[in-house]
Amino acid sequence: MIGIIMGSDSDLPIMQEAIDILESFDIAIEVDIVSAHRTPEKLVEYSKNAHLRGIKVIIAGAGGAAHLPGMVASMSPLPVIGVPVKSRNSIDGWDSVLSILQMPGGVPVATVALDGAKNAGILAAQIIGTSDKCVLDKIITYKEGLKLKVEQAAKRIQNS
């Protein structure tokens, strides 16, 4: 199972892309709002106990100061994928990107592009796929589909 958390419900439109791609791979997900600044006790509980509930990877989306992914990573033994979200109080998203990207040694957070929740979902599925052949097969099929789309687009261009 993959945990998908975000700092507030305003992040949901971006994080929905991770939810959708993981559901398309038939991977169980748990979705919640965990604010690093407004619900710090919940953050600690979630971070320390997610693995006990069967979570294998955590995707954490946050905007602005974007402390959520790093704080989760500091307390959880699980891989954490951070999604910087361009929020209304953001400095063009750079504050979120750098807050998630620039982690100190020993506290890794895999970071995807600004508003890149879909890629976070795919990366989480790939991590799960290292030990689950069914998920791995779905990833392989998905990537073949990407290749096919490019080949079809190239043919359309060549034929016009």
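A few notes on this one:
- Top-ranked residue of segment 11-35 - restricted to ones that are small (Gly, Ala, Ser) and surrounded by 14 or more Cβ atoms within 10 Å (Cβ to Cβ), ranked as modelled with the highest pLDDT: Ala18
- For segment 36-53, the count of residues that are in contact with a strand residue (DSSP E or B) (Cβ under 9 Å, 6 or more places away or on another chain), under 18 Å from Gly3 (Cβ atoms) and at pLDDT below 95 is nonzero.
- Which numbered condition Pro40 misses (of (1) over 14 Å from the mean Cα position of the chain (by Cα); (2) touching a residue at least 12 places away in the same chain (Cβ under 8 Å)): (2)
- Those residues of segment 77-109 which are touching a helix residue (DSSP H, G or I) at 6+ places or on another chain (Cβ under 9 Å) and of a type in the set (D, E, K, R), in sequence order: Lys86, Arg88
- Residues of segment 10-34 satisfying the condition of being under 17 Å from Leu68 (Cβ atoms), touching a residue at least 24 places away in the same chain (Cβ under 8 Å), in a helix (DSSP H, G or I) and aliphatic (A, V, I, L, M): Ile14, Met15, Ala18, Ile19
- Qualifying residue in segment 79-96 (condition: modelled with pLDDT of 95 or more, of a type outside the set (S, T, N, Q) and assigned to a helix (DSSP H, G or I)): no
- Filtered residues of segment 111-140 (kept if in contact with a strand residue (DSSP E or B) (Cβ under 9 Å, 6 or more places away or on another chain) and in a helix (DSSP H, G or I)): Ala117, Asn119, Ala120, Gly121, Leu123, Ala124, Ala125, Ile127, Ile128
- Failed criterion for Ser24 (all others in (1) in contact with a strand residue (DSSP E or B) (Cβ under 8 Å, 6 or more places away or on another chain); (2) within 21 Å of Tyr142 (Cα to Cα); (3) of a type in the set (Gly, Ala, Ser) hold): (1)
- Top-ranked residue in segment 50-95 [being surrounded by fewer than 24 Cβ atoms within 10 Å (Cβ to Cβ) and among the β-branched types (Val, Ile, Thr); ranked as nearest to Ile21 (Cα to Cα)]: Ile55
- Selection status of Ile58, without any contact (Cβ under 8 Å) to a residue 60 or more places away in the chain, over 18 Å from Pro13 (Cβ atoms), in contact with a strand residue (DSSP E or B) (Cβ under 6 Å, 6 or more places away or on another chain) and in a strand (DSSP E or B): yes
The values are calculated or read from the model by the stated rules, or taken from the named source; none is laboratory data. Values in this document were obtained by computation on a predicted structure and should not be read as measured data. Note that we place each Cβ from the backbone using ideal geometry, even for glycine, and neighbour counts take in every protein chain shown.
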